[in-house]
Amino acid sequence: MMEEKGIDLENLSDELLQPLSQEERNTEEISRESVSYWKNCWRRFRKDKLAMTGLIILIIMTLLAIFVPIFSPYTYDQTDFLAMLQWPSAKHWFGTDKMGRDIFVRTMYGARISLSIGFAAAAINMVIGVLYGGISGYLGGKVDLVMMRIVDILTGVPSLLYIILIMMFLGSNVQSILIAMCMTYWITTARMVRSQIFTLRGQDFALAGKVIGETKWQILIRHLIPNSMGSIIVTVTFLIPSAIFQEAFLSFLGIGIQVPMASWGTLANDAIEYLFTYPYQMLFPAAAISITIFALNFIGDGLRDALDPRLKK
């Protein structure tokens, strides 16, 4: 029948069996390279201009805090009564205070303390909050009920009261501030992690771990918490500016870091006396606090958008 219509079956079979050209082979290939979740998050984060600006500002502030006190000819507690209350100049970039101390060096030294407290408090509270919230969310039942009621009780008492009481007993130093902040700052992280774990514990990968004989602790550490890291990182990022502001507020009130040590809060406290006559003394520490907190908030917003798999950029 085919031969009657003039179709050469032999030639047709030869044409069908010809190997594909290179271009035809590549038509089924995926043109976009495969990237991991974290690499894709970094790619989305880099597209956020505000987040990248905040990251650059934070890096610059950290480098200044590390190296300026080391290489400066002045120290944070060096007094010079012949150079008291000098306005900003080539010799003293931020001017001097009532004791003749260089405000630029003191501001950068204060950045060491403020940033260290911010990052340390966030890291400690992340560990406490993740473990507490993870255990509560995974075990559930009566354990979850008791643990969450403890959280409610701690939330009902103002955090400032904890901080003041602890610093009255332990003194005004970095260690007491960290201990005081760790009393309540972990609550936000714990609640967030609890809700995440409560949702994930019924997923197939968690049930598979139970089937192969993994313990509850192994399932929590190996599977549930890693799958919640996106939300955890964002929450902890927003804790850092909160801790920095809290330390500056305490030092400003005079119950935080004490002179001659310098933090942004103590510098602002010292500048109140000369607010209208020498306003530069308040300008620089206040600007440092504002710029750093804005930068960290920009980074937090960028991480929230980058780590959310529902957002495609």
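The values are calculated or read from the model by the stated rules, or taken from the named source; none is laboratory data. Keep in mind that this is a model prediction, so the values were computed, not measured. Positions of Cβ are generated from backbone atoms using ideal geometry, with glycine treated the same way; all protein chains shown enter the neighbour counts.
Quick check on Val146: is it part of a helix (DSSP H, G or I) and either in contact with a Pro (Cβ under 9 Å, 6 or more places away or on another chain) or at positive phi (or both)?
Criteria not met by Val146.
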Residue list for segment 151-169, filter: surrounded by fewer than 17 Cβ atoms within 10 Å (Cβ to Cβ) and either at pLDDT below 75 or under 26 Å from the mean Cα position of the chain (by Cα) (or both): Asp152, Leu154, Thr155, Gly156, Val157, Pro158, Ser159, Leu160, Leu161, Ile164
Segment 70-95 - residue that is more than 33 Å from the chain's Cα centre (by Cα) and of a type in the set (Ser, Thr, Tyr) and, of those, modelled with the highest pLDDT: Ser89
Matching residues in segment 170-208 - criterion: being in a loop (DSSP other than H, G, I, E, B) and either touching a residue at least 40 places away in the same chain (Cβ under 8 Å) or touching a helix residue (DSSP H, G or I) at 6+ places or on another chain (Cβ under 9 Å) (or both): Ser172, Asn173, Met183, Thr184, Tyr185, Arg201, Gln203
Within segment 44-55, tally of residues that are in contact (Cβ under 8 Å) with a residue 60 or more places away in the chain and either farther than 9 Å from Ala295 by Cβ or among the β-branched types (Val, Ile, Thr) (or both): 8
Evaluation of Trp87 against (1) hydrophobic (A, V, I, L, M, F, W, C); (2) surrounded by 15 or more Cβ atoms within 10 Å (Cβ to Cβ); (3) not in a helix (DSSP H, G or I) (one fails), failing number: (2)
Single residue of segment 90-118 satisfying the filter (surrounded by fewer than 22 Cβ atoms within 10 Å (Cβ to Cβ) and among the small types (Gly, Ala, Ser)) that is farthest from Met282 (Cα to Cα): Ser116
For Gly213: the one exception among (1) modelled with pLDDT under 80; (2) over 30 Å from Asp97 (Cα atoms); (3) in a helix (DSSP H, G or I): (3)
